[in-house]
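Nothing in this text is a laboratory measurement; each read-out follows from the coordinates by a stated rule. Not measured: the values here are computed from a predicted model. Don't worry about glycine lacking a Cβ; one is built from the backbone with ideal geometry, like all the others, and counts go over all protein chains shown.
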Amino acid sequence: MLDIVNSRKLQQKQEVVHQKTTVEFDQFSTRLSEETDPAFLLGTGVKKLRSYRRQLVSDPDRQEDVARIDKFLKDAKNFDKEREYRFTLSNCPPGHHIHIKVVGKGKPDEWPRPQQIRINRPASIFWRKGDHIFIALHQKDHGGGKESWGETYKALAELTSDFAILEMTEIITFTATGEKISFSFEEDPKKLLPKW
C-alpha cells in the first residue's frame, strides 16, 4: 500500500514539474521569437533549449516543440564550423586599403600575404565562432613606406567577440583615427542565425 501512495506522490510531483516546465518554455519561446542579439540566441538560447528539450521530449503533445527546438539547435551550429565568407569592401576612406587576419584555434597569428583588400573588389575570409578578426587600415602610399601587409598600419580595428563575423556586418570605426569602413557580404551572416 505504501508503494502505491509513494508512486502516486511521485507521479503528482512529476506532473507539477512538467506543468511548470511547459509554462516556462512557453514564456521563453515568446522571448526567443523577439530576440535578435546573437550572443543570446547562440548562447543562452541554445543552452536553455537543450534543457527544455530533455524535459519535453517524453511528452507526446509537445513533439512539434521538440522538432522546432531541434531545428533551432541545428541552425545554431552554422557558426561552430569554419566557413568561407565572401564580401566586398563597400566603403573605405579615399586613398586607403585594408588587410584582414583571422586568429583562432589552430590558425597562425599572422597577416596573409600578399593580400590588399581594396574598395569594390571581392575578397573572403574563413571564420568560425570564437575566431577574432583584425582589420588594418593602410594608406595607398603606405605613409611613405613600403607595403607591410598589415604588420604596421595607420589604424587597427579588433573584432574580438565570439561572433566577430556579425560585427563585420556593421560600420566599423577605427578608434585611433575616427575613419570608417563597411562591407557588403555575398550572403549576410545574420541570415545564418537560428530563427524561432
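Nearest 20 debye, what's the magnitude of the dipole of segment 122-196 about its Cα centre given +1 on Lys and Arg Cβ and -1 on Asp and Glu Cβ? Each step should come with its number before you reach the end.
Working: 9 positive and 12 negative charges, 24 e Å.
Once rounded to the nearest 20, the dipole reads 120 debye.
Based on the mean of other Cβ atoms within 10 Å per residue, sort peptides 87-94, 22-29 so the most packed one is first.
In decreasing order of mean packing, 87-94, 22-29 become 87-94, 22-29.
Once you wrap a convex hull around the alpha carbon atoms of segment 18-59, what is its projected area averaged over all directions, in nm²? Walk me through the numbers on the way to the answer.
Details: hull surface 11.0 nm².
Mean orientational projected area (segment 18-59, Cα hull): 2.8 nm².
When the gyration tensor of the chain is built from Cα positions, what are the square roots of 5 times its three eigenvalues, in whole Å, from largest to smallest?
On the way: eigenvalues 497, 43, 34 Å².
For the chain, the ellipsoid semi-axes come out as 50, 15, 13 Å.
Kindly provide log₁₀ I(q)/I(0) values, in the same order as q = 0.09, 0.15, 0.16 Å⁻¹, from the Debye equation applied to equal alpha-carbon scatterers of segment 65-164.
-0.29, -0.66, -0.73
Which one, Phe134, Asn78, Ile165, is farthest towards the positive end of the dipole of the chain when Lys and Arg carry +1 and Asp and Glu -1 on their Cβ?
So the residue furthest toward the plus end is Asn78.
Report, to the nearest 10°, how far helix 46-56 tilts away from the longest principal axis of the Cα atoms in the chain, using its own Cα long axis and a range of 0 to 90°.
Tilt relative to the chain: about 20 degrees.
Roughly how many whole Å is it from the C-alpha centroid of segment 22-53 to that of segment 75-130?
30
How fast does segment 139-195 diffuse by Stokes-Einstein, in µm²/s, taking the Kirkwood radius from C-alpha pairs at 37 °C and 0.692 mPa s?
243
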